[in-house]
Amino acid sequence: MTSKTGEQKSPAQNKYIFEIHFLRAFACLLVVGVHVSATNYGMNEETWNWFTYFMNQYGRFGTTIFAVISGFLLFYQVKRKGFELGRFLQSRFLKIVLPFLIWSAAYRCLLYYYDMQTLGDPVDEITKVLMGDSFYHLYFVAIVVQFYLIFPFLQKIFRTQTLVLVFTVIALIISYNLYSFNPGIEGKLGEFLTGKSFMPIWIFYFAFGGFMAYFWDEIVGFATKRPWKMLAVILLVSAGAVYEYQTIGYVSNRRLTNLFNIPALSIAIIGIYPLLAKLSLVKKTLTVIGQYSMGIYLVHPMILYLFARHLPETYWQLEYVPLMFIAVMVIASVFIRILQFIPFSGFIIPVPKIKNNKKQPAVQREQKASA
């Protein structure tokens, strides 16, 4: 095994990793599926049908895969270019923290206008924002921000393949032992430690993203040579997830089985990229979704919220669920595209640029880089 330090730069330093973009699109679709199905559930007197229940439970993989991607991007950047604290803090503030604060305020205004939720004690309001409680989906951004706070220390310690592997194992032990964690503390602190926005519960997924970053060539080489086997892995994990929620009942995205499911799914999804990339329409669609994924994540609950208050009751029947899903994706994507024409829109919704790597297939670029 060859050690790679964070200061080394690979020959393919400037290439764009389409496989991760594809993984991000997959995660985005799953998250939107969760919230479309949950909104349908609420609009039908809190009643599931077989399809919305499947969408909701299977989609629980999405947020956790986003944690893997977040860890990957951070560690991969360190592996390629090293780490500069000032640049890191500026980048994370402008690309993540500032949009998080803006959208927290936007959702607070939405609740004020429609639900007459007046502003409370300033300390409580600030606490809500920091914990990602301004709206139901923002807790994950709060988790990512917490990881940013410790990442400067982590990247200083774990900068080789061997040490990143050690970190991944340690993180697995931490996440496993924090499952159903309850320190027995009352008040706001106790709520935070037992809540879904407590980052250490998620740390394995960030660490696994780091593992993927430092073993990227090996993972891509292994998975993309076996696309049909990777598809079989996806189907097996999917079947296991269906069996789990049908046997146990409702499960969350923090379920213990995700400690196995998420690594398996992440690698397998990367492995089937060459198959889907052959289909031009599919590739272009997933590329756009991957590129807009953060914006879609921030915007889509607002679209659903407005749908729930303005669409006739007829549109909440089962046959309209797929149409609702497509409508949310299209409206969110169009909104993001229009927003890009406005100056400084990147502070509201950052959209990564896609680099054209001379039209070479992604797998070929990786193989050339590792040759």
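As a summary of the residue check, Asn356 satisfies the conditions (1) closer than 30 Å to Val220 by Cα; (2) modelled with pLDDT of 90 or more except for the one numbered (2). The residue that is farthest from Cys109 (Cα to Cα), counting only those in the range 305-331 that are more than 19 Å from the chain's Cα centre (by Cα), crowded, with 16+ Cβ neighbours inside 10 Å and in contact (Cβ under 8 Å) with a residue 40 or more places away in the chain, is Val321. Note on the range 159-170: among residues that are in a helix (DSSP H, G or I) and in contact (Cβ under 8 Å) with a residue 40 or more places away in the chain, the one that is nearest to Asn258 (Cα to Cα) is Thr168.
For Val282, are the conditions met, namely being in contact (Cβ under 8 Å) with a residue 24 or more places away in the chain and under 21 Å from the mean Cα position of the chain (by Cα)? When the stated conditions are applied, Val282 does not pass them.
Residues in the range 112-149 that are among the polar types (S, T, N, Q) and not in a loop (DSSP other than H, G, I, E, B) were compared, and the one that is farthest from Phe192 (Cα to Cα) is Gln146. Residues that are at pLDDT below 95, surrounded by fewer than 17 Cβ atoms within 10 Å (Cβ to Cβ) and β-branched (Val, Ile, Thr) occur in the range 106-119; there is at least one.
Results for (1) surrounded by fewer than 19 Cβ atoms within 10 Å (Cβ to Cβ); (2) among the small types (Gly, Ala, Ser); (3) farther than 25 Å from Gly62 by Cβ, shown as yes or no for each residue.
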| residue | (1), (2), (3) |
| --- | --- |
| Glu84 | yes, no, yes |
| Arg92 | yes, no, no |
| Ile96 | yes, no, no |
| Asp124 | yes, no, yes |
| Thr127 | yes, no, yes |
| Leu138 | no, no, no |
| Ala142 | no, yes, no |
| Ile150 | yes, no, no |
| Arg159 | no, no, yes |
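The helices (runs of 4 or more DSSP H) falling completely within the range 171-259 that include 2 or more residues that are touching a helix residue (DSSP H, G or I) at 6+ places or on another chain (Cβ under 8 Å) and in contact (Cβ under 8 Å) with a residue 24 or more places away in the chain map to 203-214, 216-224, 227-248.
The values are calculated or read from the model by the stated rules, or taken from the named source; none is laboratory data. Note that the coordinates shown come from a computational prediction; the quantities given were computed from them, not determined experimentally. Using ideal geometry, Cβ is built from the backbone for each residue, glycine included, and neighbour counts are taken over all protein chains shown.
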